Amino acid sequence: MQKQTLSGKWQFRQSGSEEWLPAEVPGSVHTDLLALDRIPDPFVADNELEVMWVAESDWEYTRSFTPAADVLAEDQVYLVCDGLDTLAEVYLNGELLGKTNNMFRQYKWEVKAKLQNGENKILIQFPSTVAYVTAKQAKREMKGVTEAIPGGQHVRKAPCHFGWDWGPMLPPVGIWQDIRLEGRSIAKLDDVHLRQFHKDGKVTIQAILTTENWTADNLSAKLKVIAPNGEELEQVAAVSADGATLEILVEQPELWWPNGYGTQPLYKVKVKLFAGEKPLDKRVYQLGLRTLKLVQEPDEWGKSFKFVVNGVPIFAKGANWIPADSFPTRISDEYIEGLIRDAAIAHQNMLRVWGGGFYEEERFYDLCDQYGILVWQDFIFSCSTYPWNDPDYHANTEIEIYENIKRIRHRASLALWCGNNEMEWGWESWGWALPDEPEKLIAMIDDFNVPALNFLKDMIRQAKPLPDWKELKAAYLEYYHHTLPEWVADLDPDTSYWPSSPSSNTPFENVNGQEQGDAHYWDVWHGRKPFTAYRTAFPRFMSEFGFQALPPLKTIATYAEEKDWNMTSYVMEHHQRSGSGNGLMIAQMTDTFRMPKDFAALVYLSLILQAEGIRFGVEHWRRNRARVMGILYWQLNDCWPVASWSSIDYFGRWKALHYAAKRFFAPVLLSVEDEGTTMDVHVTSDLTTAWQGTVKWSLETLDGEVLNSGEETVEATPLADTPVIKLEFSDLVNEKNQREMIFVYELLEGDERVALSVTPFSPIKHMELRQPKIAAKVSQAGDELAIAVSAKSTARFVELEFESVDLVFSDNYFDIPAGRTVTVTAPIPEGWTSEKAQQALKVCSLIDSYT
C-alpha cells in the first residue's frame, strides 16, 4: 500500500468569483479568510454577524498535483477524503467523482483510470449548507433549539455549528480532515475487530479480520502484540474468503484502569496482511486491557446505573465535552491534550462526548486512553426531531454509524454508546407530541390542586407539534430503541448501549426520573431554584447539570472593550447565548453575595458563584454514592470566548469551578451537610482500600476565637461514604451571632492536611467579614513557586493571579480561616525568579468584591 497526501497548500474562492486565494488543508473557509485578513475575527464583539455571509455562500477549493510513481504502480488507486464539511461535489480533471452530504463519514473513489501522467487537478465545490437546510426546513419543519439557524438537522453536520445556547452561528465550510491518494494491490484489510476476553487472570486478544480481495489466493495475516514492557507476542494465520480470526493469550496482563483507580498501561497491537511474503496492508492500535460494563440491577431505590471496570464499581466523576473550537481544524494537539490533562488533574475519570458536536478525532481517544478518562459517547443527534422516515437520510446515518463504531470500539476508554442528547425528553415534555387525552390530563392536574403544577397545563395547551409528529415519534422509537441498539450489538457487542440522555430506558416515560437511568437536572439554572435544591435530587446517574459564569476578565478583554464591561451591554449580551442568562447569574448572585463594587468584582463573583453551586450538588451526590453513581457537570470546555457553564474557558484558563472540581472530585472527600445549626460531617472515599485519617473541627468566630472543637479518627470505608460526626450548635449559635460564626473542618492524613473548608451559619452575603490582612510569601521549591498564604481574620474564596502570565495553581479560590496558612504551588514562568513572582502576585478575597 502506498499513500500520497494531498493536504497542504490549496486555493479557494467564492463561487462566481474570478479571484483564487491561498488556502490551507485541512482547514475551512473561515480560517482561510482570517489568515488573509479578509474577514474580522468573528469571536470579537459582534463580528460573528458580519461574517455570517460566509456560510450562506458557495465555495470552491482546488489544487494541482502529480501522482507519485509508487502510488500509480499499484493496481487500485483511491482518492480518500476523511472529512468534507459538508455538502460537496468532488471533481478530478473535470469529471464528477461524487457528491457528499455527511461530515462524519469518509468518502473514497477509485480513480486510477482517471489519473493522468503529470499534472492532475482536483476541484471540490461546497454548496452552502445554510441555504440547503433553510430550503429543507421551509418544505418540512423540524423541531430544534431556538438559539440556532433553523433546520440544521436536515444535514449530517455538527448540530452546534448552526448555534447553541453557548455557541455562535458560524457553520464551517471546507476540507476538515486529511485528503490523500491510496494505492493498493492484490487485497486490503476491510475491517479489523479487536476484542478481549478475560478469564482466570489471563487475557485473550482476538482480531477478527475481513478483507477486500482483487487477485489474491494465498493471503495471510500476522497479529503482533507489544506489551508495555516491550515484550512481543505474535500469531500468523491464513486468510480465507471469509477473513480470519487470530488470537494471542497474554499470560500476565497489565490491566488498564480509569483515572484514580490505577494506572493506564497500553499495549500496541499491529495487524498486517500479506500475499506470500509481500506486505499489503497494516493497522496499528493502542489497546488497554480491562473489563467494562454498565450494571443495572434492582435495588431499594429502583435500578442501579453504574459502570464496573475490572470488577470494581466506578463512581463516574467528570464533565460534558463539546467541540473545543467552533473551527475544529484550529485545535492543536497541545491544546486538546491540555484540556484532557486538566480534566485528569481535577480527578475526573469520565467525559461525555455530547451529541450536539461531532465524533472526535483519533487523538482525543488516544489521550483518553492515556489519561484514564472513560468516554460516554453520544451518537450525533441532539435536541431535535430528525427525518428518520426519509430512506436516504436513514441510509446515510447507517454508513456514518457503522464507520464510527468500527473506528472507536476498540478503545479502553469507551464506556457507553448513547443514542442521542435530550430527544426522548423532548418527546415526553417539550411539546413535540400531544398526550393521548389532553383535556383528561389537564383535569387530573386540576384535581391535584397544586398551583405550582399549572405550568404543565399551559405546556399541554400551548404544545404545537409538527403535523406529522405521530409518524416522527414512531420513527424515533424504531430508530433509538430497535435499529441503533441492533447495529451496536452487531458491531460492538462488548459495549453497552443507552437510548438517550436522559432516559429511563422505558420510551417516553419518566425520562428524567430518579428510579432508573440517567438524569439532567436544570431546575437551578433554568428553573431559578436555589443551590440547596440540588440536595432534593437523587438521580441514579447525573449526566447533566450546571450553572454559568463569566469567563475570567482577561478573556472578556479579548472580545469586549472596557466601555462594554457591563452585564447588560450589547457586546456582553451577544456573548451570552442562553437567553436571559446574565440576568439569571445576577439573580442568583444577589441571593448569595453582596452587590459587587465594579465589573471586575462582578466577574470574580460569577466565578465563585458557579463553583459554589456545582459544589453543592456534587458533594450531596457523593455523600449518597450508594444511590448515585455518577456526576458529569455541564460543561468542561468552550468553543469560543463566552459566558457559559464551562469550568475551563476557550483559552484554557481555569475558572474557579475547575479548582473547586479538583477539591470536590478528590478521591477522599471531606464534606458537610449543613442544616441550620447542625453540621453533619462525612468522608467519602473512591479508594479501593480503607483510608485512615483525622477530622479536626471547630466552631469559631471570623477572627478565630474557638468556642468548641474536637477531632475524630476516621477509617473511611472503601468505595463508600462514611458519616463521621453530627454536631448541633444551637446552644452556641443564634440569630444575633450567626453572621460572625463559622464551622471549620479539615482532613488530615498523618500530619498532612488534605482538605480545609469553611461553612457559615448565615447566608454568605450576611457574613460580617472584615479585612483579613492576607499575607502571601513566595519562595522557590525546585522548579515550582511555593506561595504561603495566611490571614489574620477569615478570608473567603481567596484568588491568586499573575496578570502578565497564565498559570495553573495547585489550588485557588480557597478559604483561609483566621490564623491558618495555606501553601499553594505553581510552575515558575520562564525567566522568572521568586522575587519577581512576589512583586507580580495579586491576591484578593470576597470582601474585596464590595469594599
List every residue pair whose Cβ atoms sit under 6 Å apart, with the two residues 6 or more apart in sequence or on different chains, where the first one lies in segment 587-609 and is hydroxyl-bearing (Ser, Thr, Tyr) and the second, anywhere, is open to solvent by 10 Å² or more (accessible area, probe 1.4 Å).
-> Thr592/Ile764
Counted residues in segment 102-121 being under 32 Å from the mean Cα position of the chain (by Cα) and either among the aliphatic types (A, V, I, L, M) or surrounded by fewer than 19 Cβ atoms within 10 Å (Cβ to Cβ) (or both) come to 3
Of these, Val133, Val71, Val80, which one is among the β-branched types (Val, Ile, Thr), within 20 Å of Pro26 (Cβ to Cβ) and either in a loop (DSSP other than H, G, I, E, B) or open to solvent by less than 20 Å² (accessible area, probe 1.4 Å) (or both)?
-> Val80
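A quick yes/no check of all residues on (1) under 23 Å from Thr536 (Cβ atoms); (2) under 19 Å from the mean Cα position of the chain (by Cα); (3) among the hydrophobic types (A, V, I, L, M, F, W, C); (4) open to solvent by 20 Å² or more (accessible area, probe 1.4 Å):
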{"residue": "Ala587", "(1), (2), (3), (4)": "yes, no, yes, yes"}
{"residue": "Pro596", "(1), (2), (3), (4)": "no, no, no, yes"}
{"residue": "Leu632", "(1), (2), (3), (4)": "yes, yes, yes, no"}
{"residue": "Asp649", "(1), (2), (3), (4)": "no, yes, no, no"}
Hits in segment 730-754 (condition: closer than 22 Å to Phe664 by Cα, buried (at least 19 other Cβ atoms within 10 Å of the Cβ) and hydrophobic (A, V, I, L, M, F, W, C)) = Ile742, Phe743, Val744, Leu747
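Count, please, the residues in segment 211-233 that happen to be among the hydroxyl-bearing types (Ser, Thr, Tyr), open to solvent by less than 50 Å² (accessible area, probe 1.4 Å) and in contact with an Asp or Glu (Cβ under 9 Å, 6 or more places away or on another chain).
Of all residues in segment 211-233, those among the hydroxyl-bearing types (Ser, Thr, Tyr) come to 211, 215, 220.
Now narrow it down to the ones that are open to solvent by less than 50 Å² (accessible area, probe 1.4 Å): 211, 220.
In the following step, the residues that additionally are in contact with an Asp or Glu (Cβ under 9 Å, 6 or more places away or on another chain) were identified as 211.
Adding up the residues that qualify gives 1.
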Scan segment 90-124 residue by residue and report those that are among the aliphatic types (A, V, I, L, M), over 17 Å from Val173 (Cα atoms) and part of a loop (DSSP other than H, G, I, E, B).
-> Val111, Leu115
Condition check for Pro493: free of Cβ contacts under 8 Å to residues at least 12 places away in the same chain, open to solvent by 30 Å² or more (accessible area, probe 1.4 Å), closer than 20 Å to Pro387 by Cβ and not in a helix (DSSP H, G or I) = no
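Take segment 181-195 and flag every residue that is within 29 Å of Val488 (Cβ to Cβ) and in contact with an Asp or Glu (Cβ under 8 Å, 6 or more places away or on another chain).
Step one: of segment 181-195, the residues within 29 Å of Val488 (Cβ to Cβ) are 182, 187-195.
Selection gives Ala187, Lys188, Leu189, Asp190, Arg195.
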Which of (1) assigned to a loop (DSSP other than H, G, I, E, B); (2) within 20 Å of Ala319 (Cα to Cα) is the odd one out, the single condition Asn505 does not satisfy?
-> (2)
Out of (1) open to solvent by 10 Å² or more (accessible area, probe 1.4 Å); (2) within 24 Å of Thr146 (Cα to Cα); (3) touching a Leu at 6+ places or on another chain (Cβ under 6 Å), the odd one out for Asn389 is which?
-> (3)
Answer yes if at least one residue in segment 249-268 is in a strand (DSSP E or B), polar (S, T, N, Q) and at pLDDT 95 or above, and no otherwise.
-> no
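For segment 165-172, state whether one or more residues are of a type in the set (Phe, Trp, Tyr), part of a loop (DSSP other than H, G, I, E, B) and farther than 30 Å from Pro67 by Cα.
The answer is yes, given that some residue of segment 165-172 is of a type in the set (Phe, Trp, Tyr), part of a loop (DSSP other than H, G, I, E, B) and farther than 30 Å from Pro67 by Cα.
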Of all residues making up segment 666-719, the number that are surrounded by fewer than 19 Cβ atoms within 10 Å (Cβ to Cβ) and touching an Asp or Glu at 6+ places or on another chain (Cβ under 6 Å) = 10
Evaluation of Pro127 against (1) touching a strand residue (DSSP E or B) at 6+ places or on another chain (Cβ under 6 Å); (2) under 22 Å from Phe358 (Cα atoms); (3) open to solvent by less than 20 Å² (accessible area, probe 1.4 Å) (one fails), failing number = (3)
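Just need a number here: residues in segment 136-153 that are open to solvent by less than 50 Å² (accessible area, probe 1.4 Å) and part of a helix (DSSP H, G or I). Break it down stepwise before answering.
So the first thing to find is which residues in segment 136-153 are open to solvent by less than 50 Å² (accessible area, probe 1.4 Å), and the list is 137, 142-145, 148-149, 151-153.
After this cut, where a residue has to be part of a helix (DSSP H, G or I) as well, the list is 137, 152-153.
Residues flagged as open to solvent by less than 50 Å² (accessible area, probe 1.4 Å) and part of a helix (DSSP H, G or I) within segment 136-153 amount to 3.
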Only one of (1) in contact with an Asp or Glu (Cβ under 7 Å, 6 or more places away or on another chain); (2) farther than 30 Å from Tyr335 by Cβ is not met by Arg627, so which one is it?
-> (1)
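Of the residues Glu562, Glu509, which is free of Cβ contacts under 8 Å to residues at least 40 places away in the same chain and on the phi < 0 side of the Ramachandran plot?
Glu562
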Options Tyr659, Tyr650; residue that is touching a Cys at 6+ places or on another chain (Cβ under 9 Å), closer than 30 Å to Leu339 by Cβ and in contact (Cβ under 8 Å) with a residue 12 or more places away in the chain = Tyr650
From (1) surrounded by 15 or more Cβ atoms within 10 Å (Cβ to Cβ); (2) not in a helix (DSSP H, G or I), pick out the condition that doesn't hold for Thr31.
-> (2)
Scan segment 88-101 residue by residue and report those that are closer than 20 Å to His161 by Cβ, open to solvent by 50 Å² or more (accessible area, probe 1.4 Å) and touching a residue at least 24 places away in the same chain (Cβ under 8 Å).
-> Asn101
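Which strands (runs of 3 or more DSSP E) does segment 332-438 wholly contain that include 2 or more residues that are free of Cβ contacts under 8 Å to residues at least 24 places away in the same chain, more than 26 Å from Val271 (Cα to Cα) and polar (S, T, N, Q)?
Values: elements: 350-353, 374-378, 414-418.
Ranges flagged: none.
Of the residues that make up segment 154-176, is at least one among the charged types (D, E, K, R), closer than 28 Å to Pro467 by Cβ and surrounded by fewer than 18 Cβ atoms within 10 Å (Cβ to Cβ)?
Taking segment 154-176 as the starting set, the residues that turn out to be among the charged types (D, E, K, R) are 156-157, 165.
Then keep just the ones that are closer than 28 Å to Pro467 by Cβ; that gives 156-157, 165.
Then drop every residue that is not surrounded by fewer than 18 Cβ atoms within 10 Å (Cβ to Cβ), which leaves none.
No, that holds for no residue.
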Inspect all residues belonging to segment 625-632 and state whether any of them is touching a Ser or Thr at 6+ places or on another chain (Cβ under 7 Å), charged (D, E, K, R) and under 29 Å from Gly583 (Cβ atoms).
-> no
Collect the residues in segment 48-68 that are open to solvent by less than 50 Å² (accessible area, probe 1.4 Å) and under 18 Å from Phe162 (Cβ atoms), keeping them in residue-number order.
-> Glu48, Val51, Met52, Val54, Ala55, Ser57, Trp59
Looking at Cys81, Cys160, which is the one that is out of contact with any helix residue (DSSP H, G or I) (no Cβ under 7 Å at 6 or more places or on another chain), at pLDDT 95 or above and under 30 Å from Asp46 (Cβ atoms)?
-> Cys160
Looking at segment 755-798, which of the residues that are under 11 Å from Val824 (Cβ atoms) and touching a helix residue (DSSP H, G or I) at 6+ places or on another chain (Cβ under 7 Å) is surrounded by the most Cβ atoms within 10 Å (Cβ to Cβ)?
-> Leu785
Pairs, please: C-beta under 9 Å, at least 6 apart or cross-chain, first residue within 12 Å of Met629 (Cα to Cα) and modelled with pLDDT of 95 or more and in segment 516-528, second among the basic types (Lys, Arg) and open to solvent by 30 Å² or more (accessible area, probe 1.4 Å)?
-> Gln516/Lys303; Gly517/Lys303
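The values are calculated or read from the model by the stated rules, or taken from the named source; none is laboratory data. These numbers were taken from a predicted model, which means no experiment stands behind them. So basically every Cβ, Gly included, is an ideal-geometry build from the backbone, and we count neighbours across all protein chains shown. Ligands, DNA and RNA are excluded from the accessible area calculation, which covers all protein heavy atoms including side chains. Shrake-Rupley method; radii C 1.70, N 1.55, O 1.52, S 1.80 Å.
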